[in-house]
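The values are calculated or read from the model by the stated rules, or taken from the named source; none is laboratory data. Remember, predicted model here, so these are calculated numbers, not experimental data. Heads up, the Cβs are rebuilt from the backbone with ideal geometry, glycines too, and the neighbour counts pull from every protein chain shown. These accessible areas exclude ligands, DNA and RNA; they are computed on the full protein's heavy atoms, side chains included. Shrake-Rupley method; radii C 1.70, N 1.55, O 1.52, S 1.80 Å.
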Amino acid sequence: MKKSTRRSVIAVAAAGALSLAGVATAQAGQESMSRASEGSCSSPGISSTLLDIEYANGQLNSGIPHLTTTHATAADASYLVDSGADHAVAHKVTLGDPGYVSDGAPRSESATNDVHEGKFVVGDEQRYEFSVLLKDWETWESGESATGDIIFQGKHAGGNLPSFYLMTKRNSIAFRSPTLNLQSTVVDDFRPHIGQWMHFRVDVSWTDDSTGYYKVSTKMPGESDYTLRQTYENVKTFHPVNPAEFGYLKWGLYRPDQTLAKGDVPTRVVYHDDIRVLDLSQG
């Protein structure tokens with residue numbers, strides 16, 4: 001994948017600056033509130049790119065201080081893989097193995113809960129982009145367990161449900177907002193693209209009233225531009241139940257409600273790269 005050199009600049013800037021019950025406990029790490037009162041996480045007067053995580057330097061935190069890497073203890077729960085001229089991050093979860101359990105559930109995820117540029121608050125208008133590759137993904141067959149795998153989240157802090165997430169569901173990829181009970185398929189069939197990079201974009205206006213929006217776009221292998229797949233307008237996008245002053249991003253693999261007894265696939269591996277946060281308020 002083609003990379004830019006912007007990541008190193010952003011890293012320096014960063015250094016200075018399913019069942020609902022299962023999803024509600026999806027914490028990648030401690031959700032520090034220490035910087036939540038700094039106001040908008042979109043910073044006027046700087047580049048519209050707030051955060052650019054490319055793993056080009058071969059480190060699990062991509063050279064960004066305080067970026068949360070997996071809390072799962074297995075040696076290969078999170079690792080780097082070659083991707084074009086540099087690297088991407090891999091997350092692996094094996095059901096039934098305590099080494100792939102984090103915060104009480106089968107998951108391995110990275111997160112921006114302690115990176116100011118990776119947080120969002122009410123009033124922010126931001127774009128989230130990421131690339132994902134399903135590695136040696138075992139496909140779903142009729143009659144098998146249909147429980148989904150969460151691969152990206154916009155998460156409220158404070159032990160709350162996510163505002164939104166993207167998940168594999170059978171052989172498709174869906175966008176979901178669990179509290180608002182919104183769900184749409186944004187990739188009808190990923191099977192032709194297993195082992196290939198798929199690109200996603202989620203635009204969000206973060207509001208605590210019904211004036212916000214979600215806009216979800218994809219760029220599939222062989223496509224040169226993003227295609228808008230789903231829009232939800234006039235919705236309340238910042239809606240934590242427990243007190244929370246900010247939200248943050250998570251990517252990796254979270255397998256809520258999945259067990260070997262239910263016949264779920266024992267091991268899944270997913271790659272992520274080019275995670276970006278852009279400030280849309282700058283035009």
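Numbers for the structure displayed
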| quantity | calculated |
| --- | --- |
| Breaking point among (1) modelled with pLDDT of 95 or more; (2) touching a Gly at 6+ places or on another chain (Cβ under 8 Å); (3) of a type in the set (Gly, Ala, Ser), for Ser131 | (2) |
| Test: Val115 is in contact with a helix residue (DSSP H, G or I) (Cβ under 8 Å, 6 or more places away or on another chain) and aliphatic (A, V, I, L, M) | yes |
| Criterion: open to solvent by 10 Å² or more (accessible area, probe 1.4 Å) and within 17 Å of Gln153 (Cα to Cα) - qualifying residue of His87, His91, His71 | His71 |
| Every residue from region 74-84 that is assigned to a strand (DSSP E or B), under 21 Å from Val101 (Cβ atoms) and open to solvent by less than 50 Å² (accessible area, probe 1.4 Å) | Ser78 |
| Subset of region 137-158 that is over 15 Å from Arg255 (Cα atoms) and open to solvent by less than 20 Å² (accessible area, probe 1.4 Å) - its residue that is nearest to the chain's Cα centre (by Cα) | Gly154 |
| Search result, residues across region 248-283 that are at pLDDT 95 or above and of a type in the set (S, T, N, Q) | Thr267 |
| Single condition Ala244 does not satisfy, out of (1) surrounded by fewer than 19 Cβ atoms within 10 Å (Cβ to Cβ); (2) within 24 Å of Glu117 (Cβ to Cβ) | (1) |
| Selection from region 139-178 of residues that are of a type in the set (Ser, Thr, Tyr) and closer than 20 Å to Glu109 by Cβ | Thr147, Ser163, Tyr165, Thr168, Ser177 |
| Selection count, region 260-283, where residues are in a strand (DSSP E or B) and open to solvent by less than 50 Å² (accessible area, probe 1.4 Å) | 11 |
| Wholly within region 138-256, strands (runs of 3 or more DSSP E) carrying at least 1 residues that are closer than 23 Å to Ala77 by Cβ | 149-156, 162-169, 172-177, 198-205, 247-254 |
| Region 188-215, residues that are of a type in the set (Val, Ile, Thr), within 28 Å of Trp137 (Cα to Cα) and open to solvent by 10 Å² or more (accessible area, probe 1.4 Å) | Ile194 |
| Region 96-136, residues that are open to solvent by 10 Å² or more (accessible area, probe 1.4 Å), assigned to a loop (DSSP other than H, G, I, E, B) and either in contact with a strand residue (DSSP E or B) (Cβ under 7 Å, 6 or more places away or on another chain) or small (Gly, Ala, Ser) (or both) | Gly96, Gly104, Asp114, Gly123, Asp136 |
| Residue among Thr231, Thr218 that is of a type in the set (S, T, N, Q) and surrounded by fewer than 17 Cβ atoms within 10 Å (Cβ to Cβ) | Thr231 |
